[in-house]
Amino acid sequence: MGNLFSTITVRGIQLKNRIVLPPMQMGLAEENGGVTEELIEHYGQYSSKVGLVMVEHSFVLPGGKYSSGQLGIDKDSLIPDLETLAEETKRGGTAAIIQLNHAGLRAGGNELNLLDFDYEGSLSKYPSRELDRIVEAFGEASRRAMKAGFQGVEIHGAHGYLLSQFVSPITNDRRDEYGGSLEDRIKLPLRIVEEVRKEIDDGILSYRIGATDLDPRGITVEESKIFAKKLDERGVDLLDVSGGLCGSSPDELEGEQGFFVSEAREIGQVVSCPVIGVGGIKDPAYGDEIVSAGEVDLVAVGRAQLDDLSWVTRAANELR
């Protein structure tokens, strides 16, 4: 237990404070997913401020790309520029990891109404051989991330993207070994975690877990606690607790602060790894309070930092 500006060590890497810049897609990458000067400049702004930067979700396969301007990590030719991005992000003593993603049914910017859509047979478009390819792609992307100088990766398992689609009973109606019971619905993400853990060796492995769909038909925090324990057992170093099919900023929770902190607190009680509290956190005093009280171990502050680059400095002055 500490406070917002105390250090914490994750997988042997000491973070200088408990503030995380979460992955937020800026739409600044080249059409092929390549790094641009604008993207390097953006992340460089946070290099001396937060304890941990999570670079935005990067597609591991072209077929899993979400939208134009999304960063890519699907081929080796991208490594040199990713190396420049990693160097600039770490320059001021900030730890840097990169988020890996496959958009699944949302690929190509498909804006499904995730909680009001007929998914019958949808996930069957991914036969077992394709799932093997996806697992391998996450592993290869992890290798590229470490070669580029990132200190680890985050697997995106939330917000209605592919892994969230597999975990949720709303979207997953498969009748094979990857559908049905919770044990089978989490099989794909657990395979990916195991593959990534092998590739990154002692790097930080974070998993963004969609802890609730905010729908009685969907994933619940009780199921997510079972899933989280299995992630913990397989060597996940951080659990980044967010929403599932409901997304990162559900309309019904807008205006609140820390709207996924209660889920993070519950999950934190059943795992040994640190948990990150997220959800519209703006007030430094609130962030400090939930860390000091042991509700979460780290706090993700996204939009507030985009709006105010001096947020961390202001927070330090206020809390002093």
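Along the positive direction of the dipole of segment 234-311 (beta-carbon charges: Lys, Arg +1; Asp, Glu -1; about the Cα centre), which of G277, L298, L238 reaches farthest?
Highest projection toward the positive end goes to L238.
Pairwise over distinct Cα atoms, reciprocal of the mean inverse distance: report the Kirkwood radius of segment 140-278 in Å, one decimal place.
Kirkwood hydrodynamic radius for segment 140-278: 15.1 Å.
Using the Kirkwood radius over C-alpha pairs as Rh, can you work out the diffusion coefficient of segment 33-135 via Stokes-Einstein at 20 °C, viscosity 1.002 mPa s, in µm² per second?
Approximately 140 µm²/s, per Stokes-Einstein.
Give the separation of the Cα centroids, segment 35-63 to segment 223-257, in Å.
First find each Cα centre; the distance between them is then 21 Å.
What is the magnitude of the charge dipole of segment 8-319 about its Cα centre, with +1 placed on the Cβ of each Lys and Arg, -1 on the Cβ of each Asp and Glu, and no other charges, expressed in debye to the nearest 20?
720
Using a Gaussian network for the chain with springs between C-alpha atoms less than 10 Å apart, which of these wobbles most: G12, G93, G27?
Its mean-square fluctuation being the largest, the pick is G12.
Computed from the coordinates by the stated procedures, all read-outs in this text should not be read as laboratory data. This is a predicted model, so every value here is computed, not measured. Here the Cβ is made from the backbone with ideal geometry for all residues, glycine too, and neighbour counts use every protein chain on show.
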